[in-house]
Amino acid sequence: MEEILALVGLLSCLMMSTAVESAQCNLEGQWKNDLGSNMTISVVSNSGLFKGTYLSAVSATNKTIVESPLIGLQQLSDSPTFGFTVKWAFTNSITVFTGQCFIRETGQPILQTTWLLRSEGDIKDNWQQTRVGNNIFQPK
């Protein structure tokens with residue numbers, strides 16, 4: 001009887017593992033990152049094009065933060081790589097994100113991203129106009 005229970009347990013673990021591995025990442029929906037920023041991605045087209053909005057929780061400016069548009073592309077695969085650009089509506093800056101969507105062992109999707117933020121400035125200060133960072137997004 002113990003052998004049968006062990007076999008049933010092993011089979012259920014294998015089936016669960018297969019289900020998680022075969023799950024597809026979907027970028028559509030609402031996401032929140034580790035800094036508290038919110039992103040909404042609308043429908044991803046058949047070519048991988050998507051649009052959405054981004055509401056940052058942080059800023060280097062004293063201006064009021066407002067929702068900003070984003071546009072991007074993703075590969076059409078189970079664990080897609082993607083890239084998108086946010087045109088900040090409250091400052092003369094642009095941020096580009098690149099990343100990949102993964103399915104965790106729990107079955108939940110997660111977006112691992114790296115970004116470059118370019119701020120407007122004088123050519124003499126060019127060296128300090130680009131910032132680099134990482135964010136992790138989870139479904140909201």
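The values are calculated or read from the model by the stated rules, or taken from the named source; none is laboratory data. Bear in mind the structure is a predicted one, so any value in this text is a computation, not a measurement. Please note: Cβ atoms are built from the backbone with ideal geometry, for glycine as well, and neighbour counts cover all protein chains shown. Surface accessibility is based on the protein's heavy atoms, side chains included, excluding ligands, DNA and RNA. Shrake-Rupley method; radii C 1.70, N 1.55, O 1.52, S 1.80 Å.
Remarks
- Qualifying residue in region 20-28 (condition: open to solvent by less than 40 Å² (accessible area, probe 1.4 Å), modelled with pLDDT of 95 or more and either under 19 Å from the mean Cα position of the chain (by Cα) or of a type in the set (A, V, I, L, M, F, W, C) (or both)): yes
- Residue among LYS87, LYS140 that is modelled with pLDDT under 95 and within 23 Å of GLY48 (Cβ to Cβ): LYS140
- Qualifying residues in region 25-50 (those that are free of Cβ contacts under 8 Å to residues at least 60 places away in the same chain and in contact with a Phe, Trp or Tyr (Cβ under 9 Å, 6 or more places away or on another chain)) - the one nearest to LEU76 (Cα to Cα): GLY48
- Every residue from region 80-106 that is under 13 Å from ASN135 (Cα atoms), surrounded by 19 or more Cβ atoms within 10 Å (Cβ to Cβ) and out of contact with any Leu (no Cβ under 6 Å at 6 or more places or on another chain): PHE97
- Pairs with Cβ under 9 Å, 6+ apart, first in region 62-78 and on the phi < 0 side of the Ramachandran plot, second part of a loop (DSSP other than H, G, I, E, B) and open to solvent by 100 Å² or more (accessible area, probe 1.4 Å): LEU76/ASN46; SER77/GLN24; ASP78/GLN24
Rundown of residues vs (1) among the polar types (S, T, N, Q); (2) within 17 Å of ASN26 (Cα to Cα), yes/no style:
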{"residue": "SER79", "(1), (2)": "yes, yes"}
{"residue": "PHE90", "(1), (2)": "no, no"}
{"residue": "SER93", "(1), (2)": "yes, no"}
{"residue": "GLY99", "(1), (2)": "no, yes"}
{"residue": "PHE102", "(1), (2)": "no, yes"}
{"residue": "GLU105", "(1), (2)": "no, yes"}
{"residue": "LEU116", "(1), (2)": "no, no"}
{"residue": "GLY121", "(1), (2)": "no, no"}
{"residue": "PHE137", "(1), (2)": "no, yes"}
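- Given (1) within 18 Å of GLU28 (Cβ to Cβ); (2) open to solvent by 70 Å² or more (accessible area, probe 1.4 Å); (3) modelled with pLDDT of 95 or more, index of the condition GLY48 fails: (2)
- Scanning region 69-80 for residues that are touching a Gly at 6+ places or on another chain (Cβ under 7 Å) and not aliphatic (A, V, I, L, M) yields GLY72, GLN74, GLN75.
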